[in-house]
Amino acid sequence: TTASLPNAQTGASYSQSLVASGGVPGYTWSLTAGALPPGISLNPAGALSGVPTQAGSFSFTLTVRDANSTTASRGFTIQITQSCSFSVSPGSQNFTVNGGSGTLTVSVSGGCAWTATTNASWVTITRGSGSGSGSVSYTVAANAAGGASRIGTITVGNQSATITQDGGTQGGGA
């Protein structure tokens, strides 16, 4: 017998088949208390399916009836989390050997929280977290005299911006 149900995300397809044991086969499932998450439905064969449209915690009771009309009920809770979609622009920025500062624009669906990270020790994120759309501020250190050009990334969610820096000799303007 199904003991619990997996959680889900808004906008993502959800499908779960309920299982009953004992009794006489010929099971019929129904919702007997509470409410299913918006976008999810239950068919009499015990299939929960759909695309959740609202985040939250949803508690409900399902009842199964066997071929002899014997019933059993169980309470369930499904947590629906907000699906987050991120974009970062511009997708790349180039700096001279002297370094400098830059800003990336972060666009986020659903007001999700985010934190920017970098894989480059020469890039320092000076403002890099928020909730919903916002911006990332960062600085790029000067490249050592005679240093080779270098490439790093700043990542927000599953989106990255490429930061490149010229190699060569320091001097002149930024």
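Computed quantities for the displayed model
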{"read-out": "Flag for V108 being under 30 Å from Y14 (Cβ atoms) and open to solvent by less than 70 Å² (accessible area, probe 1.4 Å)", "value": "yes"}
{"read-out": "Filter pass, N94 being in contact (Cβ under 8 Å) with a residue 40 or more places away in the chain, open to solvent by 30 Å² or more (accessible area, probe 1.4 Å) and part of a loop (DSSP other than H, G, I, E, B)", "value": "no"}
{"read-out": "Residue check for T2: touching a residue at least 60 places away in the same chain (Cβ under 8 Å), under 23 Å from G111 (Cβ atoms), of a type outside the set (A, V, I, L, M) and surrounded by 14 or more Cβ atoms within 10 Å (Cβ to Cβ)", "value": "no"}
{"read-out": "Sole residue being out of contact with any strand residue (DSSP E or B) (no Cβ under 9 Å at 6 or more places or on another chain) and among the small types (G, A, S), chosen from A47, A55, A12", "value": "A12"}
{"read-out": "One residue from G146, G173, G130 being at pLDDT below 95 and either closer than 30 Å to G34 by Cα or surrounded by 16 or more Cβ atoms within 10 Å (Cβ to Cβ) (or both)", "value": "G130"}
{"read-out": "Whichever residue in the stretch 32-44 is touching a Phe, Trp or Tyr at 6+ places or on another chain (Cβ under 7 Å) and part of a loop (DSSP other than H, G, I, E, B) and, among such residues, is nearest to V19 (Cα to Cα)", "value": "P44"}
{"read-out": "Extreme residue, least open to solvent (accessible area, probe 1.4 Å), among residues of the stretch 5-31 that are part of a strand (DSSP E or B) and closer than 14 Å to F58 by Cα", "value": "A8"}
{"read-out": "Cβ pairs under 9 Å, 6+ apart, first in the stretch 141-169 and in contact (Cβ under 8 Å) with a residue 40 or more places away in the chain, second of a type in the set (D, E, K, R)", "value": "N143/R150; N143/D166; I163/R150; T164/R150; Q165/R150; D166/R150; G167/R150"}
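The values are calculated or read from the model by the stated rules, or taken from the named source; none is laboratory data. As the structure is a computational prediction, the values presented were derived from the model and not from experiment. So basically every Cβ, Gly included, is an ideal-geometry build from the backbone, and we count neighbours across all protein chains shown. With ligands, DNA and RNA removed, areas are computed over all heavy atoms of the protein, side chains included. Shrake-Rupley method; radii C 1.70, N 1.55, O 1.52, S 1.80 Å.
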